[in-house]
Amino acid sequence: VKGHSSCAAINDPLCCRTLRRCEAALARASSDILSTHRMVAHCDWRFHTRQKSEASIGERVREGDVVCVRGTPSSLSLFFEAELPLIRYEFTVVTLQADETAAPASQWLDDPRIRAWHAWNVG
């Protein structure tokens with residue numbers, strides 16, 4: 001949804017590091033069977049995912065972290081209303097585990113702390 005598809009497209013070490021971490025997680029997960037469980041296992045933080053959900057993650061998110069959020073409208077709204085205000089650093093969002101489409105609000109997409117946003121299994 002947001003971000004760059006390759007490190008060659010930009011000259012930003014942090015963005016490249018985050019992109020490489022996501023690509024590495026996908027490569028590790030796809031070495032056998034690619035599943036949301038494997039993707040969630042490689043995230044730094046999990047919010048309302050089926051396997052695990054850490055409470056009050058906002059103040060613990062650090063520069064370049066990858067945050068998995070269940071892609072339902074209620075989980076996304078709660079994350080962006082309760083957790084995003086507490087996050088001080090740039091991070092990557094991965095939304096997954098939702099069969100319904102939850103269109104992100106424009107203020108979410110425009111937030112400068114969101115370095116990239118990847119979505120899987122949406123709608």
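Descriptive notes on the structure:
- Sequence-distant residues sharing a close amide H with V94 (under 5 Å, placed H): V67, C68, V69, H118
- Distance between modelled label sites at S56 and E81, nm, 7 Å Cα→Cβ extension: 2.0 nm
- Simple spin-label estimate for R113 and A41 gives 2.9 nm between the two label positions (7 Å along the Cα-to-Cβ direction from each Cα).
Read the figures in this text as sums done on the coordinates, not as results from a lab. Source: prediction; values computed, not measured. Virtual Cβ from ideal backbone geometry, glycine too; neighbours counted across all protein chains shown.
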